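S.K.: Before we start, here is the structure in question, set down as C-alpha cells.
The values are calculated or read from the model by the stated rules, or taken from the named source; none is laboratory data. Small disclaimer: the values here were computed from a predicted structure and weren't measured. For neighbour counting, all protein chains shown are included, and Cβ atoms are generated from backbone atoms with ideal geometry for every residue, glycine included. For accessibility, only protein heavy atoms count, side chains too; no ligands or nucleic acids. Shrake-Rupley method; radii C 1.70, N 1.55, O 1.52, S 1.80 Å.
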Amino acid sequence: MEKYAPGDVEQRPCFDLVLRDARLLNGQSVDIAIAGDTIVAIGSISGVGTRELVLGGRVVLPGFVEAHTHLDKAMTVAQSRNNSGTLLEAMAVMGQVQRDFTVASVRERARAMALRFVAAGTTTLRTHVDVKPALNLVAVEALLELREELRPLLDMQLVVLTTPLSGHAGAANLALVREALSMGVDAVGGCPIIDGDFETQIDTVFELAELFGVPVDLHIDESDNPADFSLPYLAERTKALGYQGRVVAGHCCSLSAVDEDSAKRAIDAVLDAGISVVTLPSANMYLQGRADCGLVRRGLTRVRALLDAGVPVCCGTDNVQDPFNPFGRGDQLLVANLFAHAAHLGSPREQVAAIDAITTVPAMSLGVQRYGLSAGAVADLVVLDSTEPATIIADVPPRRYVIKRGAVVAETRTETIHPLVTLNQGV
Ligand SMILES: [Zn+2]
C-alpha cells in the first residue's frame, strides 16, 4: 500500500484482502482477513489489507454450492417446447434437440448459465452431463473444456448421466459412460427407475464407481408413483459396498407417495447408509403432480422427515430454462426461498436449514475441502446486500460481492429507488 512510508511496519499490508464490519449469520460483527486463497483470521483484525472492503454490517456467507444442475441442457427452451409439461415429453424433446448439439454450442450456453450462477454467489457447482449414441461425447467434451476455462471463478464437478445401462441399448451407453469417466468426469450417475431394471442399473453404477474411484450421484425415483421406489435398494447396496458418504440421491419424489411405514424404513436406511439427499423444488414442483386433479402434489421428497431424522438434505437448482423446466435463472438463494415455501420451512431455525441446504450441507455431500467461514478455509465467500441475517430467505438480497479463492469475481451495484410520491404533503 504505497501511502505508507517505508519502515512503517505497523501499517504495511499484512493481508491480500480484508473484509471490514462483516456480519455473520449469528449476528456477530467481525473482520475477515484473507491471504492468497485462504481465510487466515476472523475477528477484530488490526493489520491492514492490500485491498479492503468496508461492508457496513452486510451479511457474509460461505460461497453457495450447487449440488445438482444440468448446464449442458440449460437455455434450450426456445428450441425445445414441452407441450404437456411432463418429464417423459421433456426427455423425448431433449433427445431430438441433442442431435444438433455441438461442442461449441453446448459450451457457449453452459458458460452463459455458469456465469449467472457465479454472479449469484455460487462458488462450487456440480452438473450432470448426458451421454447417449445420438449425442456421443459432445456435451462431455464441452463441459470438460468449460471446467478448465472457468476454474478461476468456479469449481465444477461433472456427473456422467445416461439411461438405460441394461439390455441392448445399455451396451452402447455403458461404453460412453466408461469413455467419459476415462476423460476425467468426476462422478457416475443415472436414472434407475427410467431404466426399467433399477437393480441392474444401480449395480452397474457401483461397479463403474469402484473401477474409476469416483462417487455416485443418481436421479432417484423422480416419480409420483409409489411403485417407482428404488431408494431402499440404493441404501442397501451403499452400505453393503462400503460407500457411506460417497452417494448422493437426487429427487427421491416417490418417497412422498409411499405409505408411512415404508417411508420411515427407507429414511432410516438412507441415514444408516450415509446417503445425502438433494431436493430440487423448482423442477419437481413444475414436473410432478401432472396427473393430479384438485389437490395437486408438490412433488418434493419428504424434506421435514429427512431433516428430523438427521439425513443431509441439499437444495439444488436442477434444470434451468429447458424443456424440463422453463424457469430459473441460476440463483441458488432464490431456489432456497422456493424451497422454504414448498417444504414449510418458516421458523428461524428452519430458515437457517434452508441456507445450510445451499452452503454447508452440499459442501459436505460433494466432498468440498476446506469449506466454510473459518480460519484455514478457502476464501470462497458471498457478501449479501443486507444487514439482516434473519430475513435473507425472505428478502433474497442482491449479491454485493462474490469472492472465489480470495479474489473478487462478481460485484453488484444497486441504487435505492425512492418512491415517486412525496409523503405527508398537502395533507
Ligand atoms: Zn437432474
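S.K.: With everything on Cα atoms, drop me the angle between helix 87-97 and the longest principal axis of the chain, reported from 0 to 90° to the nearest 10.
M.R.: The helix 87-97 is inclined about 80 degrees to the chain.
S.K.: With the convex hull built on the Cα atoms of the range 180-324, state its orientation-averaged projected area in nm².
M.R.: Averaged projected area of the range 180-324's Cα convex hull equals 9.0 nm².
S.K.: Oh, and also: What shape does the range 271-326 have by the C-alpha gyration tensor, where a ≥ b ≥ c are the square roots of the eigenvalues, rounded means a/c under 1.5, and otherwise prolate means a/b greater than b/c and oblate the rest?
M.R.: oblate
S.K.: Which order do you get for 352, 54, 140 if you rank them by accessible area with a 1.4 Å probe, largest at the top?
M.R.: Accessible-area ranking of 352, 54, 140, largest first: 54, 352, 140.
S.K.: With a/c under 1.5 counting as rounded, go ahead and sort the range 1-145 into rounded, prolate or oblate using the C-alpha gyration tensor (a ≥ b ≥ c being the square roots of the eigenvalues; past the cut-off, prolate if a/b is larger than b/c, else oblate).
M.R.: prolate
S.K.: Just to be sure I understand the model, the point goes 7 Å from the Cα along the line to the Cβ. What's the resulting residue 182 to residue 38 distance in nm?
M.R.: 3.9
S.K.: Please compute the per residue accessible area over the chain with all protein chains in place, 1.4 Å probe, rounded to a whole number of Å².
M.R.: 42
S.K.: I would also like to ask the following. How much of the DSSP bridge set in the range 21-172 is antiparallel, in percent, rounded to the nearest 5?
M.R.: 40
S.K.: Please find, in a Gaussian network model of the chain (springs between Cα atoms separated by less than 10 Å), the residue of 204, 414, 301 whose mean-square fluctuation is greatest.
M.R.: Among 204, 414, 301, the largest mean-square fluctuation in the Gaussian network model of the chain belongs to 414.
S.K.: Please arrange 285, 156, 364, 75 by accessible surface area, largest first, computed with a 1.4 Å probe and ligands excluded.
M.R.: Ranked list, largest accessible area first: 364, 285, 75, 156.
S.K.: Something else: How many angstrom lie between the Cα centre of the range 126-165 and the Cα centre of the range 201-272?
M.R.: When both Cα centres are located, 23 Å separates them.
S.K.: Using only Cα atoms, find the angle between the long axis of helix 138-149 and the longest principal axis of the chain, and express it within 0 to 90 degrees, rounded to the nearest 10.
M.R.: 20
S.K.: For the chain, with only Lys/Arg (+1) and Asp/Glu (-1) charged at the beta-carbon, what is the dipole magnitude about the Cα centre, in debye rounded to 20?
M.R.: 800
S.K.: How would 404, 132 rank on accessible area, largest to smallest, probe 1.4 Å?
M.R.: The ordering from most to least exposed comes out as 132, 404.
S.K.: Let me see the P(r) profile for the range 51-128: every Cα-Cα distance counted, bins of 5 Å, each bin given as a percent of all pairs.
M.R.: Cα pair-distance distribution for the range 51-128, in percent: 3, 12, 18, 18, 15, 13, 7, 5, 3, 4, 1.
S.K.: Evaluate E = 1/(1 + (r/R0)^6) for residue 207 and residue 385, where r is the Cβ-Cβ distance and R0 equals 45 Å; express this FRET efficiency to the nearest 0.05.
M.R.: Calculated value: 0.40.
S.K.: If packing is taken as the mean number of other Cβ atoms within 10 Å per residue, what is the order of 354-363, 251-260, 42-51, highest first?
M.R.: 354-363, 251-260, 42-51
S.K.: How much of the DSSP beta bridge set in the chain is antiparallel, as a percent to the nearest 5?
M.R.: The answer is about 40 percent antiparallel.
S.K.: While we're here: Of all DSSP beta bridges in the range 118-198, what percent run antiparallel (nearest 5)?
M.R.: Close to 10 percent.
S.K.: For the range 311-418, state which GluC sites (Glu not before Pro) are in a DSSP loop and have at most 11 other beta carbons lying within 10 Å of their beta carbon.
M.R.: 415
S.K.: Which value, in debye to the nearest 20, describes the size of the charge dipole of the range 114-174 about its Cα centre when Lys and Arg Cβ atoms bear +1, Asp and Glu Cβ atoms bear -1, and nothing else is charged?
M.R.: For this selection, approximately 160 debye.
S.K.: Label the range 64-365 by shape, choosing from rounded, prolate and oblate, from the square roots a ≥ b ≥ c of the eigenvalues of the Cα gyration tensor; if a/c is under 1.5 it is rounded, and otherwise prolate applies when a/b is larger than b/c, oblate when it is not.
M.R.: rounded
S.K.: Could you please state how large a percent of the accessible area of the chain is carbon and sulfur, counting protein chains only and using a 1.4 Å probe?
M.R.: Summing carbon and sulfur atoms, their accessible area is 53 percent of the total for the chain.
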